[in-house]
Amino acid sequence: MMQRLPPAIFLMGPTASGKTGVAVELVQRLPVELISVDSALVYRDMNIGTAKPDAATLTRAPHHLIDIINPTEAYSAAAFRHDALRLMADIASRGKIPLLVGGTMLYFKALREGLSDLPQADPEVRASLDAEIAQHGIQHLHRQLAMVDAETAARLAPNDTQRIQRALEIYRLTGSPMSALIAQRESTELPYRILSIALVPSDRSALHARIATRFKAMLEFGLADELRALRSKYALHPGLPAMRCVGYRQAWQYLEGEIGEAHLLETGIAATRQLAKRQLTWLRSTPGNIELDCLAPDLAQTVFDKIGQSAIIRGTVP
């Protein structure tokens, strides 16, 4: 039965690991179509700070799910899963292999495991929780959470305001602990044979050097000017998901005069390194990935060879 399922490839890695370059090369050599798995590339006009592939690259290797919403809009893991499943089915129906490439690990997780049927945010409950936080502090809410959902409280830091608030909101809306609702989630196995390739660095300091070089280049290419243009075109504010993206958050502070140019560089690099650390932690805790060194001199060839050797893909490519 498994052998009858169509194949799909996941190409994952931290920021600056070379995923896009590899994916573009694979498009030239394999019957694949690319689906972007990146929560920042969905936004139109956000090009420099997201390291979005340029027009020439996208002509050579078109990516689905790039430039699909405005920076004022929100895009969720659930929306990604819906869009990705639709695209994967369409690609497979045309005899090609979906190649999902990116570094938004929550999206990969949502695609693999499905999503819990949790209630949407409720303004009244949120306002009530905000008032309690203002009066008593977030630790007070954490203690409340521990009494009704000990499992969730145990895995959250006592100062994790956003997640504690969400967990209590869910309990107050449903009367059930969030941990119990997640446990009830139906198994939603993907109807594909998945080859998961994780690009990870053999030398973390070399990846950090790449990150620093890339962020310096973003500033030189005009990240701050790009944000100025975005703010004049769209009704933006710093709380929007688009403006919380690494790089844009720091550039916003710079434009507001909260930090200087040197601090913009320093904080932007530090935030990107933290992002890469979280991505690598997720990758290394996820079973079933084939890990390849993203610092390898001929990375695209290495990935191509690994795909060719895979029993999941063998027989489906020329």
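Couple of notes before you dig in:
- Members of the range 182-225 that are of a type in the set (A, V, I, L, M), closer than 30 Å to residue 115 by Cα and without any contact (Cβ under 8 Å) to a residue 12 or more places away in the chain: 183
- In the range 219-226, the count of residues that are within 21 Å of the chain's Cα centre (by Cα) and either in the same structural domain as residue 51 (by TED's automatic domain parsing) or exposed (fewer than 13 other Cβ atoms within 10 Å of the Cβ) (or both) is one or more.
- Looking across the range 104-127 at every residue that is modelled with pLDDT under 90 and under 17 Å from residue 183 (Cβ atoms), the one that is surrounded by the fewest Cβ atoms within 10 Å (Cβ to Cβ) is identified as 117.
- Which listed residue, of 24, 42, is in the same structural domain as residue 232 (by TED's automatic domain parsing), of a type in the set (A, V, I, L, M, F, W, C) and within 16 Å of the chain's Cα centre (by Cα): 42
- Residues being assigned to a helix (DSSP H, G or I) and either without any contact (Cβ under 8 Å) to a residue 12 or more places away in the chain or small (Gly, Ala, Ser) (or both) - total across the range 131-181: 18
- Qualifying residue in the range 215-222 (condition: at pLDDT 95 or above, in a helix (DSSP H, G or I) and closer than 26 Å to residue 108 by Cα): yes
- Restricting attention to the range 269-318, the residues that are part of a loop (DSSP other than H, G, I, E, B) and within 12 Å of residue 199 (Cα to Cα) add up to 4.
- When residues of the range 45-79 are limited to those that are among the hydrophobic types (A, V, I, L, M, F, W, C) and more than 29 Å from residue 228 (Cβ to Cβ), the one modelled with the lowest pLDDT: 78
The values are calculated or read from the model by the stated rules, or taken from the named source; none is laboratory data. Note that the structure is a prediction, hence the values are computed from the model and not measured. Reconstructed Cβ throughout: ideal geometry from the backbone, glycine too, with neighbour counts over all protein chains shown.
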